[in-house]
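I'd like to ask some things about the structure below.
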Amino acid sequence: MSDEYDCVSTKKLKLKIDDSSSKKKKKKSKEKKKLQQAVAAAEAAALYVEETTKKPAERKLTKAEQSFKQMQEKMQTKRITEKASLTHKQRVEKFNEHLDSLTEHFDIPKVSWTK
């Protein structure tokens with residue numbers, strides 16, 4: 001067995017370090033790319049500002065659409081006033097009275113497998 005390992009070195013391993021690869025030259029094109037990106041970003045921002053400041057052409061509502069919106073507003077105000085007229089306590093009492101007025105037919109029957 002020792003004959004097989006005679007050619008093996010017992011010294012510490014050394015890693016090869018290439019000094020030329022550790023120093024990299026800076027490229028001049030990076031500065032140009034940064035400038036181009038900055039200019040493109042500024043143009044995009046300017047376009048965005050122009051688009052947001054433009055007012056879209058407002059279309060006029062038809063008579064039917066106007067009357068529909070008016071009815072919607074009336075119904076909404078009516079609903080709000082009805083809800084605001086009663087306090088929570090009054091609404092709960094009214095709901096309990098309604099439940100008491102219902103017949104027992106609507107009650108959920110008790111179901112039990114053990115009895």
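The values are calculated or read from the model by the stated rules, or taken from the named source; none is laboratory data. What you are looking at is a predicted structure, and each value in this text was computed from that prediction instead of being measured. Quick reminder, even Gly has a Cβ in these numbers, built from the backbone with ideal geometry, and neighbours come from all protein chains shown.
Just the residues that are modelled with pLDDT under 80 and polar (S, T, N, Q), please, taken from segment 24-56.
Ser29, Thr52, Thr53
Before we move on, is Ser21 exposed (fewer than 10 other Cβ atoms within 10 Å of the Cβ), of a type in the set (Gly, Ala, Ser) and modelled with pLDDT of 80 or more?
No, not satisfied.
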